[in-house]
1. Is it the case, given these coordinates, that A:Glu179 is among the charged types (D, E, K, R), outside the structural domain of A:Arg43 (by TED's automatic domain parsing) and closer than 16 Å to A:Lys81 by Cβ?
2. Restricting to segment A:145-176, give me the number of residues that are under 18 Å from A:Leu88 (Cα atoms) and away from chain B (no Cβ under 14 Å).
3. Could you figure out which of (1) under 25 Å from A:Glu158 (Cα atoms); (2) in contact with an Asp or Glu (Cβ under 8 Å, 6 or more places away or on another chain); (3) more than 10 Å from every other protein chain (Cβ to nearest Cβ) isn't true of A:Lys95?
4. State all residues of segment B:33-62 that are of a type in the set (A, V, I, L, M), in a helix (DSSP H, G or I) and modelled with pLDDT under 95; if no residue qualifies, say none.
5. With the structure loaded, tell me whether A:Val110 is in contact (Cβ under 8 Å) with a residue 60 or more places away in the chain and within 27 Å of B:Leu9 (Cβ to Cβ) or whether it fails that test.
Amino acid sequence: MASEDKFSDEDFVARLHNADTCREAFTEVMRHFSRPLYWQIRRMVIDHDATNDLLQNTFMKAWDNIDHFRGDAKLSTWLYKIAVNETLTYIAREKARNQVPIDGDDAFLVNNLEADRYFDGDELQLRLQRAINTLPERQRMVFNMRYFDEMPYEQMSEILGTSVGALKSSYHHALKKIEQFFSDDD
Amino acid sequence: MKKEKTDILSKIGKDAGFSVPDGYFDTFAEDLAKKLPEPVLTPVQPVTRWQRVRPFVYMAAMFVGIWLMMKIFDGFGRQEPGIYNPEILAGFENDANIEYLLMRGDISEYDILTYENDDTAMAAVGEVTEAAFTTAEPGDTIMEQ
């Protein structure tokens with residue numbers, strides 16, 4: 001956490017706003033945040049190539065708007081917000097392309113998971129992905145952030161703009177639904 | 001049942017089963033950094049002294065305004081009544097003067113009640129009347145009528 005804080009301190013923000021140092025500083029940012037952001041996106045969109053594109057778009061957007069980042073919020077929160085927006089936009093586009101109703105679940109995203117060369121999970125992990133993808137998008141995001149990343153609710157609240165109480169409730173419901181999926185499947 | 005269900009997640013653990021191409025994260029940042037366009041940065045304007053002190057000045061002005069408003073409203077509610085004029089107060093010692101003042105309309109019965117309930121005014125009357133009577137000559141009136 002302390003290493004994340006350095007990206008929001010005044011010196012680092014000043015480096016990001018200096019034409020001579022901003023590229024180097026931003027490369028440090030990408031080096032640090034590419035992994036957590038990648039996994040956040042990947043768990044939502046499943047496909048590696050799509051994740052790679054969305055991750056690049058996330059950093060590109062951050063770079064284009066680096067001038068507006070003044071260090072008032074944490075850099076990580078700002079980047080996560082961009083990544084979340086990119087991800088949700090992508091899923092909405094894919095739904096339209098696959099003719100899935102707007103309120104339909106995202107099960108179509110895991111249809112080809114078994115054949116994916118970048119998925120080496122076992123049967124149980126595949127079933128978990130199927131279970132997770134029956135959840136509504138926001139609930140799925142909450143579950144992924146909490147279960148896989150163990151992100152604090154306070155940070156999730158800042159990223160998703162939802163109260164901590166609502167997030168806890170959402171996570172609780174997600175757990176119930178996943179457990180229900182497994183018991184129905186058995 | 002609950003235990004059994006929870007066991008499923010604990011059996012799976014935190015590994016979702018996804019993988020990435022070899023060395024993907026090692027080169028990602030450097031590769032993307034090469035593709036970044038020239039940055040568009042606006043020079044940061046230095047913060048002037050006025051911009052620094054402005055919030056404090058505004059806050060002080062607000063308090064001064066509130067204080068002035070309180071003084072104004074307080075002034076409306078507490079007008080000095082004529083009854084506290086020492087000469088009139090002295091006249092209150094004499095019932096005939098009170099009746100005269102009542103008749104003239106200089107004071108009302110409400111003023112008399114207020115005056116009687118005001119310890120400060122009573123004390124003032126004591127001082128004035130005492131002074132007036134000790135210096136009065138025979139035939140003088142305490143209050144001109």
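1. When the stated conditions are applied, A:Glu179 does not pass them.
2. 9
3. Going through the list (1) under 25 Å from A:Glu158 (Cα atoms); (2) in contact with an Asp or Glu (Cβ under 8 Å, 6 or more places away or on another chain); (3) more than 10 Å from every other protein chain (Cβ to nearest Cβ), A:Lys95 breaks only (1).
4. Within segment B:33-62, B:Ala33, B:Val53 qualify.
5. Details: in contact (Cβ under 8 Å) with a residue 60 or more places away in the chain: yes; within 27 Å of B:Leu9 (Cβ to Cβ): yes.
Spelling it out, A:Val110 is indeed in contact (Cβ under 8 Å) with a residue 60 or more places away in the chain and within 27 Å of B:Leu9 (Cβ to Cβ).
The values are calculated or read from the model by the stated rules, or taken from the named source; none is laboratory data. Model, not experiment: these values are computed from the prediction. So basically every Cβ, Gly included, is an ideal-geometry build from the backbone, and we count neighbours across all protein chains shown.
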